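The values are calculated or read from the model by the stated rules, or taken from the named source; none is laboratory data. Everything quoted here is computed from the prediction, not taken from an experiment. With ideal geometry, Cβ positions are generated from the backbone for all residues, glycine too; neighbour counts draw on all protein chains shown. For the accessible areas, the whole protein counts, side chains as well, though only heavy atoms, and no ligand, DNA or RNA atoms are used. Shrake-Rupley method; radii C 1.70, N 1.55, O 1.52, S 1.80 Å.
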Amino acid sequence: MNKPPPVNSPDDQQTSARGFCYACFKAEPFCLCDSIVPVDNKTRIVIVQHKCERCHPIGTARIATLALRNTELRIVWPDKVNTFTFEPQDLESTGLLYPGPGATDLAAVPADQRPRELVLLDGTWGDVKKLYKDNPWLEQLPQYNLTPTVPSRYRLRKEPDDQSISTIEAIVQALGILEPETPGIDTLITVFEEMIDRQIECVENLPPGPSRYHNRRSRHRDHRSVPRELRGSLRNLVIVDEESVPWSGKKRELIRWFAIRPHDGSVFDQFLTPRAGSTLTDIHLRHMGLCREDMNMTVLPEELERLWNGFITPEDILVTWNKGVLDLLEDNVENGQKSFYLKEAYCNTRGGKCGHVKDVVRAHGLPLSTVQLKGRAARKLSSTLAVTMYLNQLSDPVPDCRKDLP
C-alpha cells in the first residue's frame, strides 16, 4: 500500500526543523493536546496496534490513548519469520471488536452480557487482517461488530466500504452503546474532525512545486526526530523512574519513586508504604539491591504527593523511558506535569524498535554518571540519563540539507 506524502505547512518551506509534540505525535502547528478532554470510561479499551501504524501522521489511536482514562495501547512487532504475534492477557469478560463472519452486533447484546473489556486491532485493513490471522486465540473471544449509521468521516484515508470506519470512530460508537451516560465520549470525534480539517487545509495551502516526499530519505532524520525538550540546556527536564512489585491481578504496586534533574543533579527518592495485598518478598528486595530496613522510612501516597510537589515546579517536564512508569505515579498522586517517553523519541531517531534502556546504553557504549541512590535505582536513573544526554548531543545543529533539495 502506497503511503501518502507527509503534510507540511507552508511556513515549513522556509524553516529548518519544526517542533514536534511527542504526546499526540503531531508537528507543533497541528498539536491536538489542548483540544483533548479526559474521559472516564468504565469499559477498558485495549488497542492492539500494528507497528507500521504507531507513528502514522494521521493515525487515530493516539487520540483515544490520550483521552480515555481506562485504555491500553499494545504495539506488535514482527518476529524473525515476520509473524505478528502477541500474548493474551486476562480474557475474562473480554470481547473483540472485529467484523468477522460470526460477529454479533454490539448494540443487540443484552446489558448483562456486554464485555467489560474491548480489544480493537489498529492499522490498515491489511495490517488488521494480518494481526487477526497470526493470533488464532483471538477467535476464542466473543466477537462484536458495529453498524455505522453514517459513512466514515475519515476523509484522508480511504475505507474499503461504507460500513468501515476508523479506530477512533469505532471506539466512540462502541462506548456510546456500552456506556452512553459517560460524559465526554463525543469529544473524541470533535478532536478527530479537527485533525482532519487541519490536514486538509494544510494540503490546500501548499505552494505549487514538486513534492518533497521522494527526498525524505536524504534528510538528517536523527536531528529532526529529537524532541525540542531534549535540546539545549535541559533546564526543565526531570528524569523519573520507579520500583514496583506485583499487586492486584495484572497491576503493580509502586513502592519507590525517584528522580533526577539533569540541569543541577538534584535527586528525589522516596519509599512508599505497600498496600494490603501487594507482594514484597525478600527476593524482590534483593533484586532491587535493597533490604527490609530500607522500608522503615516509607510514606503514604498523600505524603508522597506533598513531597513530590515540593521537588518539582510547574515548568518541569517529566521524562521516563516508557509510559508504564508515569501510570504508576498517576495511580498514587495527581500528576499534571507535561511529560514524554524517551523510548518513543529514541525509536524515531533510529527508524525502528529498541529494547530496554540498558540495551540502548550497551549498543552505543554510553557512559553512566554516578547517581547517589541505593540499589538498582541508581543504575536505572543513570541509564535513562545517559540516553537523554545522547539525544541531547544528537540534536546539535547540523547543516540544513533542505537547501540542496529542488
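Which shape class, rounded, prolate or oblate, goes with region 260-314 when its Cα gyration tensor gives a ≥ b ≥ c as root eigenvalues, a/c under 1.5 marks rounded, and past that a/b bigger than b/c marks prolate? Before the final figure, lay out each step's value.
Numbers: a/c = 2.97, a/b = 1.58, b/c = 1.88.
Oblate, because a/c is 1.5 or more while a/b does not exceed b/c.
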First compute the accessible area of region 16-133 with a 1.4 Å probe, then give the percent of it belonging to carbon and sulfur atoms.
-> 50
Average accessible area per residue (Å²) across region 280-406 - probe 1.4 Å, nucleic acids and ligands excluded | 54
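How big is the dipole moment of region 233-377 about its Cα centre under a simple scheme where the beta carbon of each Lys and Arg is +1, that of each Asp and Glu is -1, and everything else is neutral? Debye, nearest 20, please. The partial results should precede the final answer.
Details: 19 positive and 20 negative charges, 139 e Å.
With Lys and Arg at +1 and Asp and Glu at -1, about 660 debye.
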Which trypsin sites (Lys or Arg not before Pro) from region 23-78 combine a DSSP loop assignment with at most 16 other Cβ atoms within 10 Å?
-> Lys42, Arg69
Per-residue accessible area for Thr279 at 1.4 Å probe radius, Å² rounded to 10?
-> 60
Leaving ligands, DNA and RNA out of it, work out the accessible area of His356 with a 1.4 Å probe and give it in Å² to the nearest 10.
-> 90
Within region 276-330, GluC sites (Glu not before Pro) in DSSP loop having at most 11 other beta-carbon neighbours inside 10 Å | Glu315
Dipole of region 70-140, Cα-centred, from +1 at each Lys and Arg C-beta and -1 at each Asp and Glu C-beta, to the nearest 20 debye?
-> 240
Considering only Cα-Cα distances, which of the following residue pairs are longer than 26 Å: Lys42/Lys323; Lys133/Lys380; Lys42/Lys129?
-> Lys133/Lys380; Lys42/Lys129
